[in-house]
Amino acid sequence: MARSIFQKVTLSLALLLLAACATGAIMTRSDFDNIELGTPVAEIVQKYGDPVKVKNNNDGSQSYEYIERLPIGEQTVQENNYFIIIKNGKVVSKRYNEELPPEYDELYEEDPNAVIN
């Protein structure tokens, strides 16, 4: 009996640890706003993890992209893309883009709930 409880507690702790590792750090709008020009890239990666995408720009800089998805239930209602421009290991510029999901009528050509006569 004691062994069974021990196994359940150990399994629960292991699952909790895995869940914490899987979620990773998330950049929010407030976090993005608080990143100052001149911040070392190592500090950003340490705090928010690796970016979703890194793009090499023509001027020798790199564009780091982080994404924040704002859900309601299981549906994403807004997506914020944060772009941090890095040159010589430091932030030189930043910008963001907000995306909303397409309207209902843009998803469907015909209304799937329409009654056909």
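The values are calculated or read from the model by the stated rules, or taken from the named source; none is laboratory data. Bear in mind that the values here come from a model prediction, so they are computed numbers and not experimental data. With ideal geometry, Cβ positions are generated from the backbone for all residues, glycine too; neighbour counts draw on all protein chains shown.
Return yes or no: is VAL77 within 13 Å of the chain's Cα centre (by Cα) and modelled with pLDDT under 95? No: the conditions fail for VAL77. Within the span defined as region 101-110, every residue fails to be assigned to a strand (DSSP E or B), more than 15 Å from MET27 (Cβ to Cβ) and either within 19 Å of the chain's Cα centre (by Cα) or modelled with pLDDT of 85 or more (or both).
Taking the conditions exactly as written (out of contact with any Cys (no Cβ under 6 Å at 6 or more places or on another chain) and at pLDDT below 95), does VAL41 satisfy them or not? No. For region 46-70, give me the residue count where each residue is surrounded by 10 or more Cβ atoms within 10 Å (Cβ to Cβ) and either out of contact with any strand residue (DSSP E or B) (no Cβ under 8 Å at 6 or more places or on another chain) or not aliphatic (A, V, I, L, M) (or both). Count: 17. Of the candidates ASN34, ASN57, ASN81, the single residue that is under 19 Å from LEU100 (Cα atoms) and polar (S, T, N, Q) is ASN81.
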